[in-house]
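Visitor: The following block contains the structure, expressed as structure tokens.
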Amino acid sequence: MNRLLCATLTAAVLLLGSPAQAEVRKDRIELAEGHPTEYVVVKGDTLWDISGRFLKSPWLWPDVWYVNPQIDNPHLIYPGDIIYLTWVDGQPRLSLKRGIRKLSPQARVTPLDQAIPAIPLKDIAGFLNDNIVMEQDLLERAPYVIGGKNERIIAGSGDRVYARGEPVEDVSLQGIYRPAKAYNDPFTNELLGYELYRVADGRITARDSGSQVLTMDLLDTNEEVRVRDRVVPNDESRIESVFYPSAGPQLDNAVIMDVLGGVAKIGQFDAVTLNVGAREGLEVGNVFAVFNKGETVKDPVTEEMITLPSEKAGTLMVFKVFDKVSYGLVMRATNVISVGDSLQSP
């Protein structure tokens, strides 16, 4: 009897591993309740959505994704493809099977369908290149618009404007940005930088070295260019349609500092500003859990003011990183999220 019991326990340990290993597995690859065994990708899907059908923590999909060497670029997933769940050595694995798709009748044969993105890019497209955060010293050194042709104080696409100063980068194509707001750390009051939004693109056609006046022709405008707008090289960073999310670092006093787009309350797929950036080790794809600030209530017995515990309100992923500030997208909101809510490693 004892031998049988020992054999049974040994088999269980070999199957599940040590209790510590089992706990780690449960934490890292826990499957969603009612998960499917396979899913056919449709137009409008994102990798996050699909992963959420299989995993309780969708951002862990790189940990269970199986790269099939027989498929050309398996990281690109198209409508009609099939994602299916298998088990290998007791671990769940997501694999890809190409669906049947029509091909375009062109000499260069390519799928008509576009690969699905990792997250809904349409919700942050306006913030990818139109918004930047610049440090104070760099902003102060950037050239500024002093006027337009024929003494115009505002100008639009196709007009000519003049700016004064030495370009931050020696390139002819420049963006014209308007300072929107200053970001100060809510804990230390450190000036983290100035947010600017792009009002136009322009090309430097002439320079006067004596007066430092730049002649610029406007190529494309979102708004009229005005006096004092800044000339800054366009931010060439682009968010990848497919990338690998990862747990964000554990940081002290990391919070949501602002919400982009002028909304009052923060919900799913809203873009937010964080008071941490590359200086704190943040990278594009970092995932954080968002916790609401605990309310302050009065103890009815002792009359002390007590702060209630924080509660998890959602999950966000960083999509653009500056030196001291970053932008994140709320991927899931289980409660109303507000400015000042804290971030923790998930």
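The values are calculated or read from the model by the stated rules, or taken from the named source; none is laboratory data. Keep in mind it's a predicted model, so treat the numbers as computed, not measured. Note that each Cβ is placed from the backbone with ideal geometry, even for glycine, and that neighbours are counted across all protein chains shown. The accessibility values were calculated without ligands, DNA or RNA, using every heavy atom of the protein model including side chains. Shrake-Rupley method; radii C 1.70, N 1.55, O 1.52, S 1.80 Å.
Visitor: Asp208 versus Arg279, label points 7 Å from Cα toward the beta carbon: distance in nm?
Guide: That separation, rounded to one decimal, is 3.8 nm.
Visitor: Shifting gears a bit: Please give the net charge around Tyr144, taking every other residue with its beta carbon less than 14 angstrom from that of Tyr144, where Lys and Arg add +1 and Asp and Glu add -1.
Guide: +3
Visitor: May I pose another question? Each residue of segment 178-185 in order: what ³J(HN,Hα) in whole Hz does its phi give by Karplus 6.51 cos²θ - 1.76 cosθ + 1.60, θ = phi - 60°, with x for Gly and Pro?
Guide: Running phi through 6.51 cos²θ - 1.76 cosθ + 1.60 with θ = phi - 60° gives 10, x, 10, 7, 9, 10, 10, 4 Hz.
Visitor: While we're on this one: Extension gain Asp252-Val42, at 0.36 nm per residue separation less the Cα-Cα distance, in nm?
Guide: 71.6 nm
Visitor: Can you give the extra length, in nm with one decimal, that the chain gains between Glu311 and Asn189 once fully stretched, where that is 0.36 nm per residue apart less the Cα-Cα distance?
Guide: 41.3 nm
Visitor: May I pose another question? What residues qualify as long-range amide H neighbours of Gly147, i.e. H under 5 Å apart, gap of 5 or more or another chain, H built at 1.01 Å from N?
Guide: Tyr162
Visitor: With θ set to phi - 60° and the Karplus curve 6.51 cos²θ - 1.76 cosθ + 1.60, what are the ³J(HN,Hα) couplings of segment 187-194 in order, to the nearest whole Hz, using x for Gly and Pro?
Guide: Those phi angles translate into 9, 9, 6, 5, 6, 8, x, 10 Hz.
Visitor: Short version: ³J(HN,Hα) in whole Hz for each residue of segment 44-58, in order, from phi by Karplus 6.51 cos²θ - 1.76 cosθ + 1.60 (θ = phi - 60°), x for Gly and Pro, what are they?
Guide: Rounded to whole hertz, the list is x, 5, 10, 4, 5, 4, 5, 4, x, 6, 9, 10, 5, 10, x.
Visitor: May I ask you to rank Ile154, Ile204 by accessible area, largest first, using a 1.4 Å probe over the protein chains only?
Guide: Ile154, Ile204
Visitor: Something else now. Once amide H atoms are built 1.01 Å from N in the peptide plane, which residues 5 or more positions from Leu219, or in another chain, come under 5 Å H to H?
Guide: Excluding prolines and chain starts, which carry no amide H, the hits are Gly158, Asp201, Gly202, Arg203.
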